[in-house]
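For reference, the structure discussed in these notes is given below.
The values are calculated or read from the model by the stated rules, or taken from the named source; none is laboratory data. Everything numeric here is computed off the predicted structure, so don't read it as measured data. Cβ coordinates were reconstructed from backbone atoms using ideal geometry, including for glycine residues, and neighbour counts include every protein chain displayed.
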Amino acid sequence: MAHTPLFQMFTRVLQKARSQAHTTDCSTASASSPLKRRRFLKLTALAGGTTFASTILPRSLQAWNDSSPAIAIIGGGLAGLNAAYHLKKVGLTATVYEAKPRVGGRIQSIVGAISPGLVNDLGGCFINSDHADMLALAEEFGVRLFNRADDAAQSSFPKTAYWLDGKARSEAEIAENLYPLAQQIAQDVALLDEDFDQHAPRLDQLSVTDYLNLHTDKIPQPFIRTLIELTIRTEYGVEPEESSALQLLFNLPTVDGNEAEPISSDEVFLVEGGSSNIIDRLAQELSGQIQTNKRLTELAAQETGFRLTFADRSVITADYVIVAIPFPVLRQVQLRVELPETLKRFIHEVNLGSNEKMLAGFRTKVWQQDNGFIGEAWSDFGFCAAWEDTQRQTDQVEGVLTFFLGGEEVISSLTGRADWHGKQFVERTNTIIPGLKDAAGDRFLRTNWTQDPLVRGGYTTFKPGQYTEFSECLYIESDDPDEEQTVHVGNLVFAGEHLSDEFYGFMNGAAQTGRLAADVIVRRIYASS
């Protein structure tokens, strides 16, 4: 799924390219039938169950308050915290065990690291207009959101810049040259819409590189291929040959005649004061229920419930467990529980992509000019994307650019000092935006998610063949109970962005699966009573 503003801009270019064409036979579903991956999944779920309305459950649970079950949640990121929060709202107390000294996982906001008063998000930051769980949390906690689209609309400067093959490219130039490939993508999306089970496995077996090689006749200029490869690095943290072609198709818009219906993200909101504001509010709601510096080393099934052992040699037992840590981290835990074979393979084979941010401080926001941008830029300057991380702080003269790295760019950036790489990025960008180098300060900050042993990457990505193989291990929400999927094995429940069919890779995927994991727990308690 899209995690940067750049991929949303890419889909907008595709919309413009394809809307210029006459109506063709390859037009896909209309707006009344939007293409969503969850529509297509063959439902062979680990275990299923319908979503319930939380508002009706507290009365049912009041009778159990005297003998509440022991519920342990492993992982104090957004998924784990939201699971505990939703359990608390129905009268159930869960204890959250977090390996780090802080909660929040891959959400972390800092203040003043680049310049006094400036807020920067080291991890997750963007919220879409359809991210219901994140929007609900912001509303419940009274956390203000900054509208990026409204801000950009008030400026006369370009919203987006494209720096490809050594020169600035206009959106019109990109749209014109992207059109042939966009039409091919429309045809393949139409096939998925017609019969997902028949066509998805074939497309899933292809990498993005394979897909582009098959359609080189539809790529008239090299910079078009460069642009598409950049989107894969930004959105999935891998090189194009390591990404399933489905991940490209899933994020692109459908077309109904001359109208385009986007299915990608708009990433319109940022959290005022940083994404950690939502984490902080969740932690406040869960006061007394969170234990930090508790790294799980073993999870074992018992005759009734589970035994959990931590690195500090402490041991607890629980009737119900929610595992809400990334699967690459879970691989370091001894799992003495029976799991379905597909889920075991998912845990051991699906990885997080490699993405990092390089934050650079500037005395003025010199990129806000006719040759620059307001929101974001694509680039093949050694970083695949750049955007202003301080856009929400409109009252500040100083600013911070995020240089976003993906795939092999991350590996290259890990050698040498962060400030050396940051200065290189500034100098290359200065060839397009004169004056950027003069405005640059001397403060640079490089994130380190890929090297963190308790994270091990950015966000989930599927290699060729993996999506269709593991689709049964993803949460699916639907108005039709028969189409829903949950991810649990008895009283052992899983949560995290990696398990969301519709929102994997997003903060909303973490929040959503945390809520759904709590739903599973409540339903099982209700059924056992």
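Structure notes:
- Gln368 being touching a residue at least 12 places away in the same chain (Cβ under 8 Å) and farther than 17 Å from Ala161 by Cβ: no
- Total residues in the stretch 286-306, condition in contact with a helix residue (DSSP H, G or I) (Cβ under 7 Å, 6 or more places away or on another chain) and assigned to a loop (DSSP other than H, G, I, E, B): 2
- Considering Ala186, Ala152, the condition of being part of a helix (DSSP H, G or I) and not assigned by TED's automatic domain parsing to the domain that holds Ile525 is satisfied by Ala186 alone.
- One residue from Val410, Val400 being in a strand (DSSP E or B) and under 30 Å from Leu145 (Cβ atoms): Val400
- Taking residues in the stretch 380-391 that are in the same structural domain as Leu359 (by TED's automatic domain parsing) and closer than 22 Å to Gln108 by Cα, and partners anywhere that are part of a loop (DSSP other than H, G, I, E, B) and among the hydroxyl-bearing types (Ser, Thr, Tyr), the pairs with Cβ atoms closer than 6 Å and at least 6 places apart or on different chains are Ala385/Thr4.
- Leading residue by the ranking (farthest from Val455 (Cα to Cα)) among those in the stretch 482-509 that are outside any loop (DSSP other than H, G, I, E, B) and modelled with pLDDT under 95: Asp482
- Test: residue in the stretch 321-331 that is over 30 Å from Asn120 (Cβ atoms) and surrounded by fewer than 23 Cβ atoms within 10 Å (Cβ to Cβ): yes
- Residue under evaluation Trp378, criteria (1) surrounded by fewer than 23 Cβ atoms within 10 Å (Cβ to Cβ); (2) at pLDDT below 95; (3) not in a loop (DSSP other than H, G, I, E, B), criterion not met: (1)
- Exactly one residue among Ala113, Ala138 is surrounded by 15 or more Cβ atoms within 10 Å (Cβ to Cβ), more than 22 Å from Ala83 (Cα to Cα) and in contact with a Leu (Cβ under 8 Å, 6 or more places away or on another chain), and that residue is Ala113.
- Among the residues of the stretch 421-441, those that are farther than 19 Å from Glu409 by Cβ and either outside any helix (DSSP H, G or I) or modelled with pLDDT under 95 (or both) comprise Ile433, Pro434, Gly435, Ala440, Gly441.
- Of the residues in the stretch 98-106, not one is within 16 Å of Gly514 (Cβ to Cβ), out of contact with any helix residue (DSSP H, G or I) (no Cβ under 6 Å at 6 or more places or on another chain), outside any loop (DSSP other than H, G, I, E, B) and in the same structural domain as Leu352 (by TED's automatic domain parsing).
- Breaking point among (1) within 30 Å of Ile374 (Cα to Cα); (2) surrounded by 14 or more Cβ atoms within 10 Å (Cβ to Cβ); (3) modelled with pLDDT under 90, for Glu229: (3)
- Any hit, the stretch 497-513, residues being of a type in the set (A, V, I, L, M, F, W, C) and farther than 16 Å from Ala132 by Cβ: yes
- The stretch 255-285: number of residues that are assigned to a loop (DSSP other than H, G, I, E, B), modelled with pLDDT of 95 or more and either surrounded by 23 or more Cβ atoms within 10 Å (Cβ to Cβ) or out of contact with any Phe, Trp or Tyr (no Cβ under 9 Å at 6 or more places or on another chain) (or both): 3
Yes or no, residue by residue, for (1) at pLDDT 90 or above; (2) over 30 Å from Pro434 (Cβ atoms); (3) among the hydrophobic types (A, V, I, L, M, F, W, C):
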site	(1), (2), (3)
Phe157	yes, no, yes
Gly166	no, no, no
Glu176	no, no, no
Gln187	no, yes, no
Gln198	yes, yes, no
Leu206	yes, yes, yes
Leu212	yes, yes, yes
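- Within the stretch 433-454, residues that are assigned by TED's automatic domain parsing to the domain that holds Gly104 have Cβ atoms under 8 Å from residues that are among the aromatic types (Phe, Trp, Tyr) in these pairs: Ile433/Trp367; Leu436/Phe362; Leu436/Trp367; Ala439/Phe362; Ala440/Phe362; Gly441/Phe362, counting only partners at least 6 apart in sequence or on another chain.
- Sole exception among (1) part of a loop (DSSP other than H, G, I, E, B); (2) surrounded by fewer than 21 Cβ atoms within 10 Å (Cβ to Cβ); (3) not hydrophobic (A, V, I, L, M, F, W, C) for Thr309, by number: (1)
- Each residue in the stretch 480-500 was checked for being more than 24 Å from Phe306 (Cα to Cα), surrounded by fewer than 22 Cβ atoms within 10 Å (Cβ to Cβ) and either without any contact (Cβ under 8 Å) to a residue 60 or more places away in the chain or in contact with a Leu (Cβ under 7 Å, 6 or more places away or on another chain) (or both), and 2 of them qualify.
- Any chance Asp121 is modelled with pLDDT of 95 or more and under 24 Å from Gly237 (Cβ atoms): yes
- Residue satisfying condition, being surrounded by 23 or more Cβ atoms within 10 Å (Cβ to Cβ) and touching a helix residue (DSSP H, G or I) at 6+ places or on another chain (Cβ under 9 Å), within set Gly407, Gly465, Gly372: Gly407
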